[in-house]
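The values are calculated or read from the model by the stated rules, or taken from the named source; none is laboratory data. Everything numeric in this text was worked out from a predicted model, so none of it was measured. No Cβ is skipped: glycine too gets one built from the backbone with ideal geometry, and neighbour counts run over all protein chains shown.
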Amino acid sequence: MPPSVLRQLPNVLTTLRLLAVPLFAVLVLRADGGESSAAAVVFAFAAVTDFLDGELSRRLHAQSRYGRVLDPVADRLLIDVAVVLLWLDGRVPLLLVLIVLARDVLLLFSLLFGKGRHLGIRVNVVGKAGTLVTMIGLLLAIVTPPGATATQLVLWAGVILLVLGGLVYARALRGLPRARHS
């Protein structure tokens, strides 16, 4: 494969993850509260592309503006849609959903209106671990009976890591100088 084509692979994976979100949503909604192997497969595929695209973009030196903007959007969209739909199915608690959505809304506002618009989304190891553990917990929530103890433990561990990752990000923002209005 030509190097120029290989360097596009991370963006292709990000796009596939974005396209997987509505498919995942349809499959969860069709399951009508039941476990859905098909939704689990789509979610697992999307979760794996999250880690593959980042790894490939670093190894191939193929970072792009498209990837920097849409990769985190795709991640947040996948997780946010999953927590809401799984809450509607009684598979995740409302408090968990509220924490995840509040964190993501704060992140979004930071990127649009705060100091984050100058920093962008800087990946930190705690946030990355939180995304991984949360995705594993959500995958478990798709395929296990509602309220399964092991699933809940994994989900809460992931959410705690996501919040801690958000705090690391906020700390980085605090160190930035205030933007001057010109």
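Within the group Leu95, Leu106, which residue is of a type in the set (A, V, I, L, M), closer than 16 Å to Gly130 by Cβ and out of contact with any Lys or Arg (no Cβ under 9 Å at 6 or more places or on another chain)?
Result of the check over Leu95, Leu106: Leu106.
Each row is one residue, and each column tells you yes or no for (1) of a type in the set (Gly, Ala, Ser); (2) under 22 Å from Gly137 (Cα atoms); (3) buried (at least 17 other Cβ atoms within 10 Å of the Cβ); (4) in contact with a strand residue (DSSP E or B) (Cβ under 6 Å, 6 or more places away or on another chain).
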| position | (1), (2), (3), (4) |
| --- | --- |
| Pro10 | no, no, yes, no |
| Leu23 | no, yes, no, no |
| Ala40 | yes, yes, yes, no |
| Ala47 | yes, yes, yes, no |
| Phe51 | no, yes, no, no |
| Ala74 | yes, yes, yes, no |
| Trp87 | no, yes, yes, no |
| Val92 | no, yes, yes, no |
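Scan region 45-102 residue by residue and report those that are part of a helix (DSSP H, G or I) and of a type in the set (Gly, Ala, Ser).
Within region 45-102, Ala46, Ala47, Gly54, Ser57, Gly67, Ala74, Ala82, Ala102 qualify.
Being out of contact with any helix residue (DSSP H, G or I) (no Cβ under 9 Å at 6 or more places or on another chain) and either within 21 Å of Val133 (Cβ to Cβ) or surrounded by 13 or more Cβ atoms within 10 Å (Cβ to Cβ) (or both) is true for just one of Val69, Val83. Which residue is that?
Val69
Provide a single number: the residues in region 115-143 that are modelled with pLDDT under 75 and not in a loop (DSSP other than H, G, I, E, B).
4
Evaluate region 104-114: report whether one residue or more is modelled with pLDDT of 85 or more and among the hydroxyl-bearing types (Ser, Thr, Tyr).
The answer is no; no qualifying residue exists.
Taking the stated definitions as given, is Val42 over 19 Å from Val105 (Cβ atoms) and in a helix (DSSP H, G or I)?
Criteria met by Val42.
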